[in-house]
Structures are given as structure tokens and as C-alpha cells.
Amino acid sequence: MKKLVIATHNRDKFREMKKALGDLGWEIVPAFDFPGVPEVVEDGETLEENSLKKAKELSDFTGLPALSDDTGLFIDALNGQPGIFAARFAGENCTYQDNVQKVLTLMKDIEPTARRATFRTIITLYDSERNVKQVSGEVVGTITQTIHGVDGFGYDPIFMPEGLSKTFAEMTLDEKNQISHRGRALQKARQLLAF
């Protein structure tokens with residue numbers, strides 16, 4: 001069975017990605033299973049650049065095909081913030097809760113009708129022959145005024161997809177993977193990985 005390394009140290013993200021890709025005949029392994037694996041510095045200016053950098057560095061380090069994602073949350077009322085800095089919006093070493101609280105605080109006076117946001121994911125597949133393929137997924141929704149739900153991770157408790165009445169954190173992993181930004185990108189990545 002061919003191995004595919006997922007270029008993330010985030011165990012929640014790995015679990016989500018493995019569930020979406022685990023039935024394709026690949027052995028899906030996380031970056032954190034490799035001793036001495038480098039912590040990739042995400043200094044690109046776009047999701048595409050950061051996703052490619054992570055996949056390339058992990059493939060070069062492990063000698064295996066690597067799949068990475070980079071995700072941003074673009075909130076209209078915050079002029080696109082946190083954007084590509086979603087994971088560290090509240091500062092280095094911040095928690096999910098820190099990021100959620102910062103968004104809610106910044107948006108405390110924003111009316112419900114002006115809380116539009118877009119989640120966007122870029123997934124890169126990079127192999128040892130330096131073949132690069134990128135796919136994307138996005139979902140539009142609103143930032144809720146309070147936290148709803150206990151599942152998921154990141155901004156899931158405050159992001160409600162358009163046309164639905166519950167946040168990602170109120171959904172099962174299967175439900176979320178059907179409609180989320182990462183889920184949509186993973187569905188396209190499945191086609192790249194199918195053999």
C-alpha cells in the first residue's frame with residue numbers, strides 16, 4: 001500500500017482529512033509520526049503558497065508523496081481578516097478559544113446581517129517527482145454572535161454555513177465533511193488520489 005503523508009501537526013485536522021481520504025487504498029500517515037520533522041514556517045502571502053510550501057517540505061523530508069492544506073477565514077466586516085492568518089489570529093501559540101474570542105470581540109457591534117464570512121481551503125498534492133496539483137474549496141456563511149456547539153475545532157462554533165441553521169460545531173464530522181470548505185477541497189483531492 002502506498003503511503004501518503006499529511007503535512008500537518010494539527011491532530012484535529014489530520015483526523016478530519018484521514019476520514020475523508022482513508023478509503024482510497026493509501027496508507028494515510030501524519031507528519032508528526034516522523035521524528036525530527038521540520039516545523040514549516042508559513043511565510044507565504046497566499047493560501048496557495050503556504051499549502052505548496054508545506055507539501056514540498058514534507059515530501060522532501062520523508063521521500064513520500066505529501067498532501068497539505070492551508071485554510072483561511074475571510075470576514076467581510078473585518079476587511080478580510082483573519083484571512084491567511086486564521087490559525088494564529090490571536091497571536092503565536094494561541095488556542096482555538098483565543099481566536100474565537102478575538103473574532104467575537106472585534107465583531108460585538110456588527111449587525112447579524114453584516115456578518116458574512118468565507119472559509120477557503122487550498123489542498124496541495126506534491127510527490128517526489130515534483131509533480132504539483134492544487135485544488136480548492138470554499139463555503140460562505142455568517143459569523144454567529146455567540147458560540148454554538150461543542151464539536152469540530154477552530155472557528156467551527158461561530159461559523160454557520162449559508163442556508164443552514166447550525167454551526168460546523170453542531171454537526172457530525174460526516175455532515176461537516178459533506179459541505180465544508182476543507183470537505184469540498186478533499187472531495188477534489190480524492191479524484192487526484194484515486195487509482
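The values are calculated or read from the model by the stated rules, or taken from the named source; none is laboratory data. All values derive from a computational prediction rather than experimental measurement. Ideal geometry is used to build each Cβ from the backbone, glycine not excepted, and the neighbour counts take in all protein chains shown.
Here are a few things to note about the model shown:
- Pairs where the first residue, in the range 6-29, is in a loop (DSSP other than H, G, I, E, B) and the second is aliphatic (A, V, I, L, M) and surrounded by fewer than 16 Cβ atoms within 10 Å (Cβ to Cβ), C-beta under 7 Å, 6+ apart: 24/194; 25/1
- Verdict on residue 68 being modelled with pLDDT of 90 or more, part of a strand (DSSP E or B) and surrounded by 14 or more Cβ atoms within 10 Å (Cβ to Cβ): yes
- Failed item in (1) over 18 Å from residue 6 (Cα atoms); (2) touching a residue at least 24 places away in the same chain (Cβ under 8 Å); (3) of a type outside the set (S, T, N, Q), with residue 61 passing the rest: (1)
- Residues that are acidic (Asp, Glu) and either touching a Gly at 6+ places or on another chain (Cβ under 9 Å) or surrounded by fewer than 15 Cβ atoms within 10 Å (Cβ to Cβ) (or both), drawn from the range 166-194: 170, 174
- Among (1) farther than 20 Å from residue 138 by Cα; (2) part of a strand (DSSP E or B); (3) among the aliphatic types (A, V, I, L, M), the one test that residue 58 misses: (2)
- Answer from 115, 190 - the residue that is among the charged types (D, E, K, R) and under 15 Å from residue 73 (Cα atoms): 115
- If you go through the range 151-165 and pick out every residue that is out of contact with any Gly (no Cβ under 7 Å at 6 or more places or on another chain) and farther than 17 Å from residue 121 by Cα, you end up with 5.
- Counted as qualifying within the range 83-195 are the strands (runs of 3 or more DSSP E) with 3 or more residues that are of a type outside the set (A, V, I, L, M), touching a residue at least 40 places away in the same chain (Cβ under 8 Å) and closer than 26 Å to residue 28 by Cβ, namely 116-126, 132-143.
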